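Here the structure comes first, spelled out in structure tokens, and everything after it is commentary.
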Amino acid sequence: MIKKCLFPVAGYGTRFLPATKSMPKEMLPVVNKPLVQYGVEEAIEAGMNTISFVTGRGKRSIADHFDISYELEHQIAGTSKEVYLGSIRNVLEQGVFTMVRQREMKGLGHAILTGEPLIGSEPFGVVLSDDLCLNEDGPGVLAQMAELYSQFRCSIVAIQEVPMEEAHKYGVIKAEELKDGLYRVDDMVEKPPQGEAPSNLAIIGRYILTPDIFDIIRATPPGKNGEVQITDALLTQAKKGCVMAYKFKGRRFDCGSVTGFVEATNYVFENVYADPA
Ligand code: UTP
């Protein structure tokens, strides 16, 4: 039912400098696959075949990754190496890719608003591809959320329990649990000061948003760090109507941090990766 998924990929990735000086952080490989491809595969699995990137300067290799490399195709056609193109060919066959540039990095809320012309007036998914989410025992996180959307028809954020001393790094919710793992959001705060988080339920990089969010973001003033925060816009939406939070099934690695990236690499190598040859 949800056809489109927005990928804000305009950030600078400063925590991975110098690797990210001329290369997008989203193209860093976890074993043999760029981070962003994991996210795109998760969106396509959830039925969201239109993949919309909010890119920035220096991110051209993302657009190239989701296109044919004619020379490469020609060179390895019919050879034993062709199997290595299997996963990206699959993605290209199923997905349609659109993009728009965010000219100034004014925050995640602003990045999402920049994607409005690609989304229009329909509900849509959002993936922050530096959060790598895996669920080998069932549907991916976005597919779990799409299923919930079909029941509740309101914006949904994915959440995870984090240690209290880590809560200041996240958007944190205060919520009433409706049933196991599903909450109705009462309040939320972006990166609360140490010791002031309303709970240990942290928002991670998967959202389903209803399109009224665009007007709400337009009316949302810059918040924490002078950036337009999606958390602030979602709080307005929660107060006007309803925002749900969902404790997803699966694992999440914070690949925006070096530690999380290394953990993801070890995990994928040991549990997920299979040499196609
Ligand atoms: P982060 O703040 O985690 O990403 O933003 P970053 O800025 O690239 O990382 P560091 O802190 O400098 O290492 C979360 C997500 O939102 C996107 C980023 O690309 C990332 O996927 N984003 C953020 C935008 O697209 N535009 C923005 O203005 C801000």
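The values are calculated or read from the model by the stated rules, or taken from the named source; none is laboratory data. Everything numeric in this text was worked out from a predicted model, so none of it was measured. Ideal geometry is used to build each Cβ from the backbone, glycine not excepted, and the neighbour counts take in all protein chains shown. The accessibility values were calculated without ligands, DNA or RNA, using every heavy atom of the protein model including side chains. Shrake-Rupley method; radii C 1.70, N 1.55, O 1.52, S 1.80 Å.
Would you point out the residue of region 42-61, among those that are part of a helix (DSSP H, G or I) and of a type outside the set (Ser, Thr, Tyr), that is surrounded by the most Cβ atoms within 10 Å (Cβ to Cβ)?
Taking the candidates together, the pick is 43.
Which of the residues that make up region 187-222 are within 16 Å of residue 169 (Cα to Cα), free of Cβ contacts under 8 Å to residues at least 40 places away in the same chain and within 16 Å of the ligand (Cβ to nearest atom)?
Within region 187-222, 191 is the sole residue that qualifies.
How many residues are assigned to a loop (DSSP other than H, G, I, E, B), surrounded by 12 or more Cβ atoms within 10 Å (Cβ to Cβ) and either of a type outside the set (S, T, N, Q) or modelled with pLDDT under 95 (or both) when one looks only at region 90-108?
4
Just checking, does region 66-86 include any residue being among the small types (Gly, Ala, Ser), open to solvent by 20 Å² or more (accessible area, probe 1.4 Å), within 14 Å of the ligand (Cβ to nearest atom) and assigned to a loop (DSSP other than H, G, I, E, B)?
No, because not a single residue in region 66-86 is among the small types (Gly, Ala, Ser), open to solvent by 20 Å² or more (accessible area, probe 1.4 Å), within 14 Å of the ligand (Cβ to nearest atom) and assigned to a loop (DSSP other than H, G, I, E, B).
Can you confirm whether residue 147 is over 14 Å from residue 7 (Cβ atoms) and either within 16 Å of the ligand (Cβ to nearest atom) or touching a residue at least 40 places away in the same chain (Cβ under 8 Å) (or both)?
no
Tell me which residues, restricted to region 1-60, are in contact with a strand residue (DSSP E or B) (Cβ under 7 Å, 6 or more places away or on another chain), of a type in the set (D, E, K, R) and within 12 Å of the ligand (Cβ to nearest atom).
Answer for region 1-60, where residues must be in contact with a strand residue (DSSP E or B) (Cβ under 7 Å, 6 or more places away or on another chain), of a type in the set (D, E, K, R) and within 12 Å of the ligand (Cβ to nearest atom): just 26.
Inside region 1-41, can you point out the residues that are part of a helix (DSSP H, G or I), within 15 Å of the chain's Cα centre (by Cα) and not hydrophobic (A, V, I, L, M, F, W, C)?
Hits for region 1-41 are 25, 26, 37, 38, 39, 41.
Considering each residue of region 1-18, count those that are of a type outside the set (S, T, N, Q) and open to solvent by 30 Å² or more (accessible area, probe 1.4 Å), and give that number.
8
Name the pairs whose Cβ atoms lie under 9 Å apart, with the first residue in region 19-39 and exposed (fewer than 15 other Cβ atoms within 10 Å of the Cβ), the second part of a loop (DSSP other than H, G, I, E, B) and hydroxyl-bearing (Ser, Thr, Tyr), and 6 or more positions between them or separate chains?
31/273; 32/273
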